[in-house]
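*Asks:* Below: one structure in structure tokens.
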Amino acid sequence: MPDAGGEHERKPNGHGHAGADPVDDSLSELRSLLVGPERRDLTALQAHMLDPSVQTRDVSRVLPDAIALRATDPQLSKALAPSIEVAVTASVRKDPRPLADALFPVMGPAIRKAIAHTLASMMDSLNRTVEHSLSWRALQWRWTAFQTGKPFAEIVLLNTLEYRVDQVFLIHAETGLLLQEVWSEPRAVRDTDQVSAMLTAIRDFVRDSFKTSDGDTLDALRVGELSVIVEQGPHALLAGVVRGTAPPSVQATFENALERIHFQLGTELQAYTGDAAPFERARPEMEACLVTQFRPRPQTASYRRWAAAAVVALLAAGVWAFFGVRERQRFNTYLDRLNAEPGIMIASSGRRAGKFFVAGLRDSLARDPSTLVAAAGLTDGSVESRWEPYQSLHPTFVTARARDLLRPPPGVTLEFHDGVLTASGSAPDRWIVESERVAPAIAGVRRFEYGGTNPEVRVKDTIESMSILFPKGRSQIAPDQNDAVRDVAALLVDLNDILRARGHRARVDITGHTDTDGTESENGPLSRARADHLLPLVRTPAGGAIAFTATGIGSDAPISTGTTEDDKRRNRRASFRVTLSDDSAQRSSRP
Amino acid sequence: MIQKKICMLGGFGVGKTSLVSRFVHSIFSDKYLTTVGVKIEKKSVDLGSQQVDLMVWDLHGEDEFQKLHMSYLRGSSGYLLVVDATRRSTLDTALMLHAKAKWAIGEVPVMLAINKTDLDSTWELDGAAMDQLKCPVVKTSAKTGDQVEETFAALARAMLDGRSLGEGGVGQAT
């Protein structure tokens, strides 16, 4: 360095003063003696200053400290920003990977959060849309939307929203200028810069007008379903447009957000001169204030519960009705069967205290109603019955009772029709007569009839077919005729019984006959004597139903017209003629 | 984009509202002026290098019925005083308002607009009063729109520069 300095030193001298002068030399020497060291330093410093590589080294030594010293200075950030932007752009163009790698830990969670948020809100809105597009409420709302001409979504929102912070303004306290604004669609207020200013003006107006003490100011406005809540800070205020009724917790949210904004951006707020750019950073805090609270849905839940209950009830009612109807049908079937059953008369029926009941009359011979209950598909005990005994005039029962009472002999059948009990088959006269007497005592039986030949007629026919033979010329009965006389007498006793039972009467004419031998004057009295002789032998006791006559007609009515001895023997006889009363005669005419 | 608050001050009926109504966007009706005493308007000014949104607080003219709400002046970056060219008394009102504004917000850019210059019966500018004001003066006409844009632009520029318009500015326009 000193050598170089020496050269420098000499050069100008040599150049400036050719043809050296002793005075100059001595002056120069003096100068070098006096300020020599300083001159050398100066020269060295000059060289240092002019060497760029040295300067670079020097600046690199102080640059980190210098930047650290001015780190908070916005001027430095402003100065560096363009270079950094260019550098980042260049870096990305060259190879985006390093930057992407560096940002990855930051961007990953942020993207996930954003996607989750979007999906959640989409699901929520989808749920609501689905729910509201199907319910009864939704139909009402659609009608309202149609009537008012408002979009359906708005009607849904109005009806389901408890409150929602639609818009949040950050307003500079002193100037009333809008620093930042966030909103969720649909935006309630446009021209928000003017609104912010006006809001500030109105707050001032209110404070001036009401002369409130310091700090007291308007913190809420309400217009219809919209309200504005205002939170005042030292340098800024946070205003929110709220749809619906916001609870106090919303005000607290605003308060917290405003505090954080003041904490983060206090300096910027104080230094604000009209540039709102720094307040972009307040957006996250403000977005946190965009709260939406839907109405809790107990109504819906209860509506659902009610609907479910109604469905269950309907179902139960349906089942109940089905079983009820089925039971009712079965009961009706049971009643039909009862009605069809002879000997059962239903007086009343129905349902009482959950049980069917039936009351009426029942013939003791009728079928047991309880056996029909199960047959109709009803359970035992599901029907209460009360039966009063009665006698049915149904032919079956009348016949049954008659059979029970009359005990007809084997081969005899009984029939009942139209009040007449008819017996058919071969029956003893006594039974017939007894039945005639007893049968009218059976309920419903007016008369008893025997379907075969009338016993009176039968006996009459038998008696009339019989004759009692007499010996020739005599009026006494031959001993061989005693049996015949007894038979006739017995038949007459029967007839008398029958007639008496029936209240009938008859006349029995006993007629004596002779053969053709002899004269009529002889035969007449003989025939009469024969009748007279027989009469007491066959006569039934007096006071009976039969009246007797005894006559003789000689030989005028021969039984056999022959002239042989046998013919004559058969003609010597007594015959009988039974005349029944008109009634009996009538009956005898029946087939 | 820069936002600034400015106020319009002037006596009753000087035409403040008319002056700006053709050039500003407002969502509020004039009745705010008589009720709340202020009406907010927005005026965008393009200064070439930069756009400035002016939030214009059009304050109700002070008179015996309504007082100026001093709090409305707070935070204003500048203001425009308006006087009626046909009424000398409105200048006195403007001077008083100027004093009040200074007291409330300090030294900020201010301009005086002499309005209704399209009318004939204008009074001569009072030199002494002008000296008191110490601000640029423009002759405007709400009717023709003359000088209105320029006035706002000048005020905006002054506010951005952060200096008083005591001298120079659009003073030459007078």
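*Asks:* For residues that are in contact with a strand residue (DSSP E or B) (Cβ under 6 Å, 6 or more places away or on another chain) and at pLDDT 65 or above, scanning just region B:145-173, find the one that is farthest from B:Lys16 (Cα to Cα).
*Replies:* Looking at the filtered set, the residue picked out is B:Met159.
*Asks:* Considering region A:486-519 alone, what residues qualify as being out of contact with any Lys or Arg (no Cβ under 8 Å at 6 or more places or on another chain) and closer than 17 Å to A:Arg569 by Cα?
*Replies:* Across region A:486-519, the qualifying residues are A:Gly518, A:Thr519.
*Asks:* Limited to region B:37-58, what total is found for residues that are more than 9 Å from every other protein chain (Cβ to nearest Cβ) and either modelled with pLDDT under 85 or part of a loop (DSSP other than H, G, I, E, B) (or both)?
*Replies:* Of the residues in that region, 4 qualify.
*Asks:* Looking for something assigned to a helix (DSSP H, G or I) and under 30 Å from A:Ser364 (Cβ atoms) - is there at least one such residue anywhere in region A:307-324?
*Replies:* No; the residues of region A:307-324 include none that is assigned to a helix (DSSP H, G or I) and under 30 Å from A:Ser364 (Cβ atoms).
*Asks:* Kindly indicate whether B:Val83 is more than 12 Å from chain A (Cβ to nearest Cβ), part of a loop (DSSP other than H, G, I, E, B) and at pLDDT 80 or above.
*Replies:* no
*Asks:* How many residues are in a loop (DSSP other than H, G, I, E, B) and away from chain B (no Cβ under 11 Å) if we restrict to region A:171-212?
*Replies:* Result for region A:171-212: 7.
*Asks:* Looking only at region A:147-165, count every residue that is among the acidic types (Asp, Glu) and touching a Ser or Thr at 6+ places or on another chain (Cβ under 6 Å) and tell me the total.
*Replies:* If we filter region A:147-165 for residues that are among the acidic types (Asp, Glu), which is where we start, we get A:154, A:162.
Within this subset, residues satisfying the condition of being touching a Ser or Thr at 6+ places or on another chain (Cβ under 6 Å) are none.
The qualifying residues number 0.
*Asks:* For A:Leu238, all conditions in the list (1) touching a residue at least 40 places away in the same chain (Cβ under 8 Å); (2) within 14 Å of chain B (Cβ to nearest Cβ); (3) within 22 Å of B:Val38 (Cα to Cα); (4) not small (Gly, Ala, Ser) hold save one; what is the number of the exception?
*Replies:* (2)
*Asks:* Given (1) on the phi > 0 side of the Ramachandran plot; (2) part of a helix (DSSP H, G or I), identify the lone condition not met by A:Val457.
*Replies:* Unmet for A:Val457, out of (1) on the phi > 0 side of the Ramachandran plot; (2) part of a helix (DSSP H, G or I): (1).
*Asks:* Here is a further query. State which residue is modelled with the lowest pLDDT when the search covers only region B:133-144 and only residues that are within 21 Å of B:Met159 (Cα to Cα) and of a type outside the set (A, V, I, L, M, F, W, C).
*Replies:* Here the residue is B:Lys134.
*Asks:* Conditions first: (1) under 30 Å from B:Glu41 (Cα atoms); (2) part of a helix (DSSP H, G or I). A:Phe146 passes all but one, so which condition is the exception?
*Replies:* Only one criterion is unmet by A:Phe146, namely (1).
*Asks:* If you don't mind, another one. Restrict the check to region A:154-164 and report whether at least one residue is within 14 Å of another protein chain (Cβ to nearest Cβ), surrounded by fewer than 19 Cβ atoms within 10 Å (Cβ to Cβ) and touching a residue at least 40 places away in the same chain (Cβ under 8 Å).
*Replies:* no
*Asks:* Of everything in region A:237-288, what is hydroxyl-bearing (Ser, Thr, Tyr) and either under 18 Å from A:Ala220 (Cβ atoms) or part of a helix (DSSP H, G or I) (or both)? Give them in sequence order.
*Replies:* Answer for region A:237-288, where residues must be hydroxyl-bearing (Ser, Thr, Tyr) and either under 18 Å from A:Ala220 (Cβ atoms) or part of a helix (DSSP H, G or I) (or both): A:Thr245, A:Ser249, A:Thr253, A:Thr267.
*Asks:* Taking A:Ala443 as the residue in question, decide whether it is small (Gly, Ala, Ser) and touching a strand residue (DSSP E or B) at 6+ places or on another chain (Cβ under 8 Å).
*Replies:* Taking the combined requirement at face value, the residue does not satisfy it.
*Asks:* Since A:Val358 meets every condition but one in (1) modelled with pLDDT of 85 or more; (2) over 42 Å from the mean Cα position of the chain (by Cα), which condition does it not meet?
*Replies:* A:Val358 satisfies all of (1) modelled with pLDDT of 85 or more; (2) over 42 Å from the mean Cα position of the chain (by Cα) except (2).
Let's see how each residue does on (1) among the charged types (D, E, K, R); (2) buried (at least 17 other Cβ atoms within 10 Å of the Cβ); (3) modelled with pLDDT of 85 or more; (4) in a strand (DSSP E or B):
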site	(1), (2), (3), (4)
A:Asp380	yes, no, no, no
A:Glu388	yes, no, yes, yes
A:Ala402	no, yes, yes, no
A:Leu405	no, no, yes, no
A:Ser426	no, no, no, no
A:Ser435	no, yes, yes, no
A:Asp461	yes, no, yes, no
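*Asks:* Output yes when any residue across region A:324-331 is farther than 30 Å from A:Thr413 by Cβ and among the acidic types (Asp, Glu), and no when none is.
*Replies:* yes
*Asks:* A further question follows. Looking at region A:475-490, which of its residues are under 17 Å from A:Arg577 (Cα atoms) and either crowded, with 20+ Cβ neighbours inside 10 Å or polar (S, T, N, Q) (or both)?
*Replies:* The one that is under 17 Å from A:Arg577 (Cα atoms) and either crowded, with 20+ Cβ neighbours inside 10 Å or polar (S, T, N, Q) (or both): A:Val488.
*Asks:* On the basis of being surrounded by 11 or more Cβ atoms within 10 Å (Cβ to Cβ), at pLDDT 85 or above and basic (Lys, Arg), does A:Arg305 make the cut?
*Replies:* no
*Asks:* Related question: When the residues of region A:542-554 are filtered to those that are in contact with a helix residue (DSSP H, G or I) (Cβ under 8 Å, 6 or more places away or on another chain) and part of a loop (DSSP other than H, G, I, E, B), which remaining residue is surrounded by the fewest Cβ atoms within 10 Å (Cβ to Cβ)?
*Replies:* A:Ile553
*Asks:* In addition: Can you name the number of the only condition in (1) part of a loop (DSSP other than H, G, I, E, B); (2) more than 24 Å from A:Ala402 (Cβ to Cβ) that A:Asp509 fails?
*Replies:* The failed condition is (1).
*Asks:* For region A:506-532, which residues satisfy the criterion of being surrounded by fewer than 18 Cβ atoms within 10 Å (Cβ to Cβ) and within 28 Å of A:Trp431 (Cα to Cα)?
*Replies:* The answer is A:Arg507, A:Asp509.
*Asks:* Further, regarding this structure: How many residues are touching a residue at least 12 places away in the same chain (Cβ under 8 Å) and farther than 23 Å from A:Ser184 by Cβ if we restrict to region A:256-296?
*Replies:* Count: 7.
*Asks:* Further question on the same structure: Is at least one residue of region A:514-525 in contact with a His (Cβ under 8 Å, 6 or more places away or on another chain), modelled with pLDDT of 85 or more and in a helix (DSSP H, G or I)?
*Replies:* No, region A:514-525 contains no residue that is in contact with a His (Cβ under 8 Å, 6 or more places away or on another chain), modelled with pLDDT of 85 or more and in a helix (DSSP H, G or I).
*Asks:* For the structure I just gave you, tell me whether A:Val23 is at pLDDT 85 or above and either touching a helix residue (DSSP H, G or I) at 6+ places or on another chain (Cβ under 7 Å) or part of a helix (DSSP H, G or I) (or both).
*Replies:* no
*Asks:* Scan region A:467-479 for residues that are modelled with pLDDT of 90 or more and either assigned to a helix (DSSP H, G or I) or touching an Asp or Glu at 6+ places or on another chain (Cβ under 9 Å) (or both) and jot them down.
*Replies:* A:Leu469
The values are calculated or read from the model by the stated rules, or taken from the named source; none is laboratory data. None of these values were measured; they are calculated from a predicted model. Please note: Cβ atoms are built from the backbone with ideal geometry, for glycine as well, and neighbour counts cover all protein chains shown.
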